[in-house]
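A.B. asks: Please see the structure below; I have some questions.
The values are calculated or read from the model by the stated rules, or taken from the named source; none is laboratory data. Predicted model only: the values in this text are computed from it and were never measured. All Cβ positions, glycine included, derive from the backbone under ideal geometry; neighbour counts span all protein chains shown.
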Amino acid sequence: MRAAALLLALLAWPAQAAWEWSAPLAVNSVQGAAIFPHLESANRRGVAVSGDTVAVVWEDNRDGSPHCYLATKPAAAAAFQPEIRLSQGDCYEPVVAALGDGRFVAAWEEAGRAHARVLPGGAALKLSDTEAAQVTLAVAGERMYAAWAEQAGRFRRIVVARLALEGDALSVKTRRPVEAKKPADEQGWPALAAKKDGSVTVAWEDRRDRHTVPMVSYSRDGRRFARPARLTDQASGSMDGLGAGTGAMRPTLAAWGEKGIAAAWLDKRDFLSGYDVYAALDGGTRRFGKNIRVQDSFGDNMVQWHATVVGDAGGRLLALWDDPRDGTPDVWLSEWDGKAFGDDLAVPAASGPGAQSDPVATLDAAGSLHVVWLDRDEAAGTGIRYARAVWR
């Protein structure tokens, strides 16, 4: 399999050479065989770039219980600065978004509620009054939104809040459920994408059809949301007499180009080979087009995990994920060329011997790609690694 991977790399060399990668850097300063860092979060927003500073958030159990951490690296620094702890109690699934000029906003789940904080300097704000989990963020210009899965009777539903910022102080300006009625089944793992006109798109996992289907809704102002629609074009119905339909999970969203929104998720419509990465694009009509399979044929018969989509205002769009097609998990990326997603390319430092997985990524204002992932070593424990790529 390694020989085949080398041959594929040589065949893909002209395209792969367009990205020039930095050497990987360690992000977390504490590592050990019994310490387990996690980059899992709603919309997979674990890295952001503000001005010339990169920020990474994660959760680990170094103190014997889960806490959330943030580490930053200014462009002029050779390494990440020592991380700071975001949470006071048990903390899960942190996310981070850029505010500009080296400032960030982070959000996380703690004590059964959603919290957020501006960094550096801000104090934590409790976003939700009732039990909530899986918070995520989106920032566009002066508009800042958060979304989470909030308990509403027997099940959770998706709530979207518009946040206001004055100095270092956050406040909740509005807070609305996407659907006013109580949910008939579980909703969770929201994803957000915001545009500078104040509009916001939200997607989530939904089980109203008795199997997991990514749903999506749009609002011009974060107050009133359109009737939810399915992201998947795969109809519900049993497969070979089994279940209510194939599963699809963990939707991610990214603002893309001047008006567009891109979505990517894990989809099990080819249920014999496990989850594949699928995408759908909204060019500005607030309707997503047909579903597009992202990974190439070399990823067939192989389970894909931890998919994310990233875009920028210039129209660049990429999907990243991990799969073990070469024998162990590696991080792969594929770029949209205007008609299809191209050949899968391995992230150089996040592939090869060992296990590299759980990518989170972002594109900065100059078009550089920033990727963070988990690097597992049985003896040394799991490290969080970072690399930057410049298009040449």
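A.B. asks: In the range 132-153, what residues are in contact (Cβ under 8 Å) with a residue 24 or more places away in the chain and more than 17 Å from S219 (Cα to Cα)?
C.D. replies: Answer for the range 132-153, where residues must be in contact (Cβ under 8 Å) with a residue 24 or more places away in the chain and more than 17 Å from S219 (Cα to Cα): A132, A133, Q134, V135, A149, E150, A152, G153.
A.B. asks: Answer with yes or no whether L86 is aliphatic (A, V, I, L, M), touching a helix residue (DSSP H, G or I) at 6+ places or on another chain (Cβ under 9 Å) and either at pLDDT below 95 or surrounded by 13 or more Cβ atoms within 10 Å (Cβ to Cβ) (or both).
C.D. replies: No; evaluated as a whole, the condition is false for this residue.
A.B. asks: Determine whether A149 is in a strand (DSSP E or B), among the small types (G, A, S) and over 30 Å from A77 (Cα atoms). Even if it seems obvious, please write down each step before you answer.
C.D. replies: Details: in a strand (DSSP E or B): yes; among the small types (G, A, S): yes; over 30 Å from A77 (Cα atoms): yes.
Yes: the conditions hold for A149.
A.B. asks: Hand me the list of strands (runs of 3 or more DSSP E) wholly inside the range 318-392 holding 2 or more residues that are among the small types (G, A, S) and out of contact with any helix residue (DSSP H, G or I) (no Cβ under 8 Å at 6 or more places or on another chain).
C.D. replies: Answer list for the range 318-392: 355-363, 381-391.
A.B. asks: Can you tell me which of (1) of a type in the set (D, E); (2) within 26 Å of G284 (Cβ to Cβ); (3) at pLDDT 95 or above; (4) not in a strand (DSSP E or B) is the one E205 doesn't meet?
C.D. replies: (4)
A.B. asks: Return yes or no: is A346 crowded, with 24+ Cβ neighbours inside 10 Å and either modelled with pLDDT of 95 or more or in contact with a Cys (Cβ under 9 Å, 6 or more places away or on another chain) (or both)?
C.D. replies: Against the criterion (crowded, with 24+ Cβ neighbours inside 10 Å and either modelled with pLDDT of 95 or more or in contact with a Cys (Cβ under 9 Å, 6 or more places away or on another chain) (or both)), A346 does not qualify.
A.B. asks: Applying the selection to the range 89-133, what residues are of a type in the set (G, A, S), surrounded by 18 or more Cβ atoms within 10 Å (Cβ to Cβ) and under 18 Å from G167 (Cα atoms)?
C.D. replies: Passing the criteria: A97, A98, A106, A107, A116, G122.
A.B. asks: Still on this structure, please answer the following. Among the numbered criteria (1) modelled with pLDDT of 95 or more; (2) outside any strand (DSSP E or B), which one does D63 miss?
C.D. replies: Of (1) modelled with pLDDT of 95 or more; (2) outside any strand (DSSP E or B), only one is false for D63: (1).
A.B. asks: Could you tell me whether V160 is aliphatic (A, V, I, L, M), under 20 Å from V360 (Cα atoms) and in a strand (DSSP E or B)? Break it down stepwise before answering.
C.D. replies: Working: aliphatic (A, V, I, L, M): yes; under 20 Å from V360 (Cα atoms): no; in a strand (DSSP E or B): yes.
Judged against the criteria, V160 is not a match.
A.B. asks: Of everything in the range 66-105 that's charged (D, E, K, R) and in a strand (DSSP E or B), which residue is nearest to L127 (Cα to Cα)?
C.D. replies: Taking the range 66-105 as the starting set, the residues that turn out to be charged (D, E, K, R) are 73, 83, 85, 90, 93, 101, 103.
Filter again for in a strand (DSSP E or B), leaving 73, 85, 93, 103.
Details: K73: 28, R85: 19, E93: 15, R103: 20 Å.
Filtering the range 66-105 for residues that are charged (D, E, K, R) and in a strand (DSSP E or B), the one nearest to L127 (Cα to Cα) comes out as E93.
A.B. asks: Among what's in the range 291-326 and is touching a residue at least 40 places away in the same chain (Cβ under 8 Å) and of a type in the set (S, T, N, Q), pick the residue that is farthest from A140 (Cα to Cα).
C.D. replies: Applying the filter and picking the extreme gives Q295.
Residue-by-condition table, conditions (1) farther than 29 Å from V139 by Cβ; (2) in contact with a helix residue (DSSP H, G or I) (Cβ under 8 Å, 6 or more places away or on another chain); (3) outside any strand (DSSP E or B):
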{"site": "R176", "(1), (2), (3)": "no, no, no"}
{"site": "A180", "(1), (2), (3)": "no, no, yes"}
{"site": "D209", "(1), (2), (3)": "yes, no, yes"}
{"site": "R223", "(1), (2), (3)": "no, no, yes"}
{"site": "T252", "(1), (2), (3)": "no, yes, no"}
{"site": "L266", "(1), (2), (3)": "no, no, no"}
{"site": "G274", "(1), (2), (3)": "yes, no, yes"}
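A.B. asks: A follow-up question, please. One residue is enough: does the range 109-130 have a residue meeting the conditions modelled with pLDDT of 95 or more, out of contact with any Lys or Arg (no Cβ under 9 Å at 6 or more places or on another chain) and of a type in the set (D, E)?
C.D. replies: Yes, the range 109-130 has at least one match.
A.B. asks: Continuing with the same structure: Name the one entry in T130, T136 that is among the β-branched types (V, I, T) and not in a strand (DSSP E or B).
C.D. replies: T130
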